[in-house]
Amino acid sequence: MFWLLMFIMVLIGGYSYYQYQKGIDLATADKELSEEDIAFMGDSVSSKTENFLLIGVDSRGEAQSRSDSMMVLSWDKEHNTLRTISFMRDIYADIPGYERQKLNAAYYHGGVQLLKETLNDMFDLPIHHYAMIDFVSFEKMIDIIAPDGVTIDVEKDMYEKIYVQLYEGVHDLNGQELLGYARFRADAEGDFGRVRRQQQVISALKEQLLSTTTLMQAPKLIGAMQGYINTDVDTAGQIAYLAKLLSGGALEVEGMTVPVQGTYSDYRDYKYGLVLDIDVEQNTQAIHDFIGTSD
């Protein structure tokens, strides 16, 4: 029995390493592994909650770009609950060291660290880690996670320039289609609808990641992440987080959008155009109520 157990462990270890290396090879086939030294100083983890700043960037080959999507993933480790806080790009933000302008300009001016500091200062929101991905890499990652597509109930026909052409109904979307769905905003909801769909995508991805098929692909996925995603969490840390999430039982995901309804007004800045002038105090309270950190 002992030798049989050892043999099985060797087989599993060999398969895992093979899949992990295969993931790295997939990423390096598309681009060189990122060696970008991103300056980031995360806040100390001192509570049951750990917050991850997730940034989507549409770089299009440019040296500097604005963050297209900004989300904080808050993990309640005690109850194994994930709460997503999506921040609208057009929030009229007080960016340290700069004049007041749209929130997505923080990343343009000072990268991940300045965006973190802006969220810290405005909403008293600690940020412990970050993960950043560009849209091309997002498409590739989705195709690894879900080779047969991610199931989404598309609420209506969608067409916007070259980004998306989707039809109403339940569809299994590949990486390019899922990105197009998440970015769509050519309707009356505008950016608010886009943020809602992004949260829908996060929920669908959670279900996909916890499926048996995807769990078998976990080493490959972690390997690919080394090339596609910039993060301060090393490989061992990524594996540890995955293990903690999976061992915690049913994983629930809830979402909110900032600003919350009734806490903002439209304002036209003479330089930066239409912005969302928000009540910072009300939104800060809503965030802390949502993630369970209110006094």
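Once backbone amide H atoms are built at 1.01 Å from N, residue 134 has 57 as its partners under 5 Å, excluding neighbours fewer than 5 places away on the same chain. Kirkwood analysis of the Cα pair distances in the stretch 65-146 returns a hydrodynamic radius of 14.0 Å. Assuming R0 = 22 Å, what is the FRET efficiency of residue 172 and residue 80, from their Cβ-Cβ distance, to the nearest 0.05? Using R0 = 22 Å, I get an efficiency of 0.20. Label separation (residue 281 vs residue 189): 3.2 nm, computed from points 7 Å beyond Cα along the C-beta direction. The GluC sites (Glu not before Pro) of the stretch 99-143 meeting both criteria, a DSSP state outside H, G, I, E and B (loop) and at most 11 other C-beta atoms within 10 angstrom of the site's C-beta, are 99. A 25 angstrom limit on the alpha carbon distance is what I want to check against. Which of 102/156; 102/206; 140/206; 116/156 exceed it? Violating the 25 Å Cα-Cα cut-off are 102/156; 102/206; 116/156.
No lab work stands behind these numbers, since they all come straight from the coordinates. For clarity, every value in this text was computed on a predicted model and none was experimentally measured. Virtual Cβ from ideal backbone geometry, glycine too; neighbours counted across all protein chains shown.
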